[in-house]
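Structure, as structure tokens:
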Amino acid sequence: DARVTQTPRHKVTEMGQEVTMRCQPILGHNTVFWYRQTMMQGLELLAYFRNRAPLDDSGMPKDRFSAEMPDATLATLKIQPSEPRDSAVYFCASGPTGTDTQYFGPGTRLTVL
Amino acid sequence: EDQVTQSPEALRLQEGESSSLNCSYTVSGLRGLFWYRQDPGKGPEFLFTLYSAGEEKEKERLKATLTKKESFLHITAPKPEDSATYLCAVQALPQGAQKLVFGQGTRLTINP
């Protein structure tokens, strides 16, 4: 049963520290998405890639967030420096070519103190 | 700006009591409307995609319908295991722009 995997599942850090979240999309999926979920804002798209190329990162605070796909099996989301307002659950999703469906991972719960 | 509004925010039903969840949307051109289910501590799980007004999709006790301005998720004779947050999302044209805009969700509780 193919699934999106995310690491770590939980992360507690102090303000100012660098945070890196990793995602392994479902094998063969060519589109990868990063979302953030908070109680106030709900699920918001941060960025997405197709065939490893960034297509849209308009939802991402550019000064502190960066997203990359070093290869087809790994996507990373980095926050530097982290702030308390970044506390949220970050989801990665992937989708296969030719369909619109996105399959979500279990999320990384980030707490910035 | 594309917007999705879901109602009610929370709904509590008795087992077997059928009801509907609403998703109203504003989008420049609709590519597709999606329903997801999210259990506490987990990622959203895909349920349905609807592409055109009048379309319906069914899965077990769930049926999703679509009009030009809203979608309904009908739950027939629900069971406690149907308790979850149900999320609606829209994808706007042009085709190939895969961004999803989500609503805030409806938190459904089914009491035994």
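The values are calculated or read from the model by the stated rules, or taken from the named source; none is laboratory data. Source: prediction; values computed, not measured. Ideal geometry is used to build each Cβ from the backbone, glycine not excepted, and the neighbour counts take in all protein chains shown. When the accessible area is computed, the model is the full protein with side chains, heavy atoms only, and any ligands, DNA or RNA have been set aside. Shrake-Rupley method; radii C 1.70, N 1.55, O 1.52, S 1.80 Å.
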message: If I ask for residues that are within 14 Å of another protein chain (Cβ to nearest Cβ), closer than 21 Å to A:Gln41 by Cα and at pLDDT below 95, which ones from the range A:58-102 would you list?
response: A:Ser58, A:Gly59, A:Met60, A:Gln102
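Among the residues of the range A:28-43, count how many are open to solvent by 60 Å² or more (accessible area, probe 1.4 Å) and either modelled with pLDDT of 95 or more or at positive phi (or both).
The initial filter retains those residues of the range A:28-43 that are open to solvent by 60 Å² or more (accessible area, probe 1.4 Å), namely A:28, A:39-41.
If we keep only those that are either modelled with pLDDT of 95 or more or at positive phi (or both) too, we end up with A:28.
Result for the range A:28-43: 1.
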field: Selection count where residues are of a type in the set (A, V, I, L, M, F, W, C), within 11 Å of another protein chain (Cβ to nearest Cβ) and in a loop (DSSP other than H, G, I, E, B), scope the range B:18-63
entry: 0
- request: Scan the range B:85-110 for residues that are closer than 20 Å to A:Cys92 by Cα, in a strand (DSSP E or B) and either open to solvent by less than 10 Å² (accessible area, probe 1.4 Å) or among the hydroxyl-bearing types (Ser, Thr, Tyr) (or both) and jot them down.
  value: B:Thr85, B:Tyr86, B:Leu87, B:Cys88, B:Ala89, B:Val90, B:Gln91, B:Leu100
statement: Checked pairs for the range A:1-22, first loosely packed, with under 12 Cβ neighbours inside 10 Å, second basic (Lys, Arg), C-beta under 8 Å and 6 or more apart or across chains, list as A:His10/A:Arg109; A:Glu18/A:Lys78
- prompt: Given the conditions (1) within 17 Å of A:Thr111 (Cα to Cα); (2) more than 13 Å from chain B (Cβ to nearest Cβ); (3) more than 11 Å from the chain's Cα centre (by Cα), which single one is not true for A:Gln41?
  reply: (2)
